[in-house]
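Novice: First the structure, then my questions, so here it is.
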Amino acid sequence: TRRSSDLQVIPVGGHRAESVDVRVIAATHRDSRAEIAAGRFRADLYYRLNVLSITLPPLRARGADIGLLARRFLKAAERETGRLPVLTPQAEQALQEYRWPGNVRELENLMFRISAMCQSSSIALSDLPKEICGTLPGTAPATTRDDARKRELIAVVRGAKTMAEAAAK
């Protein structure tokens, strides 16, 4: 049961307790127990907040979900942009291989930007930012021949049962 004192706060600068009825929802990308052990997070606050704990993997670990989310975000962007471009298989593969340091929010913002800026009905590799296509700033873009060779090597590795088999092929 909740104590009546848990349902009251004294506002900053106030003198009287006021009744409140709230549920705090918090999120972190850190291990809360490790943060407590390191002295960077208060244990009492952790136990107040930890009513229901849900662990979500980062976007980069969600494989095929990336394409599903990208299409959903493109559909949502269509309401504002009036455009619904479709991801080419190569563009979707590039999205799946990217590390997504900004997680789901980065993907959502990218899909909105592409929906607003894409001039054709499909999203090709050339429509994606260089960091997603694998071209690092300051380096020359890969040639079409390099791209074909890279896809061929990826197919060999994925089709092999072991890395030794892939290396032999």
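The values are calculated or read from the model by the stated rules, or taken from the named source; none is laboratory data. Bear in mind the structure is a predicted one, so any value in this text is a computation, not a measurement. We place every Cβ from the backbone using ideal geometry, glycine too, and count neighbours over all the protein chains shown. The accessibility values were calculated without ligands, DNA or RNA, using every heavy atom of the protein model including side chains. Shrake-Rupley method; radii C 1.70, N 1.55, O 1.52, S 1.80 Å.
Novice: Taking the condition of being open to solvent by 80 Å² or more (accessible area, probe 1.4 Å), in contact (Cβ under 8 Å) with a residue 24 or more places away in the chain and assigned to a loop (DSSP other than H, G, I, E, B), how many residues in the stretch 107-136 meet it?
Specialist: So the count comes out to 1.
Novice: In addition: Taking helices (runs of 4 or more DSSP H) that do not extend beyond the stretch 9-106, which have at least 2 residues that are under 30 Å from A155 (Cα atoms)? Let's see the steps before the verdict.
Specialist: Numbers: elements: 32-37, 43-49, 65-81, 89-97.
Result: 65-81, 89-97.
Novice: Right, here's the next one. In the stretch 92-108, which residues are under 11 Å from the mean Cα position of the chain (by Cα) and under 12 Å from L69 (Cβ atoms)?
Specialist: So in the stretch 92-108, the residues under 11 Å from the mean Cα position of the chain (by Cα) come out as 95-96, 98-108.
Of everything in the stretch 92-108, those that are under 11 Å from the mean Cα position of the chain (by Cα) and under 12 Å from L69 (Cβ atoms) turn out to be L95, Q96, W100, N103, V104, R105, E106, L107, E108.
Novice: Looking for something open to solvent by 30 Å² or more (accessible area, probe 1.4 Å), at pLDDT below 95 and within 19 Å of the chain's Cα centre (by Cα) - is there at least one such residue anywhere in the stretch 65-86?
Specialist: yes
Novice: In the stretch 80-119, what residues are small (G, A, S) and touching a helix residue (DSSP H, G or I) at 6+ places or on another chain (Cβ under 8 Å)?
Specialist: Let us first name the residues in the stretch 80-119 that are small (G, A, S), namely 82, 91, 94, 102, 115-116.
Selection gives A91, A94, G102, S115, A116.
Novice: Moving to a separate point now. Please determine whether any residue of the stretch 33-48 is of a type in the set (D, E, K, R), loosely packed, with under 11 Cβ neighbours inside 10 Å and more than 30 Å from K130 (Cα to Cα). Talk me through it step by step, then tell me what you get.
Specialist: Here is the first cut: in the stretch 33-48, the ones of a type in the set (D, E, K, R) are 33, 35, 40, 42, 44, 48.
Now narrow it down to the ones that are loosely packed, with under 11 Cβ neighbours inside 10 Å: 40, 44.
Within this subset, residues satisfying the condition of being more than 30 Å from K130 (Cα to Cα) are 40, 44.
Yes, the stretch 33-48 contains a residue that is of a type in the set (D, E, K, R), loosely packed, with under 11 Cβ neighbours inside 10 Å and more than 30 Å from K130 (Cα to Cα).
Novice: In addition: Which residue pairs have Cβ atoms closer than 8 Å, lie 6 or more positions apart in sequence or on different chains, and pair a first residue in the stretch 15-26 that is farther than 13 Å from R48 by Cα with a second residue that is open to solvent by 100 Å² or more (accessible area, probe 1.4 Å)?
Specialist: Short answer, once both residue conditions are applied: R16/I10; A17/I10; E18/I10.
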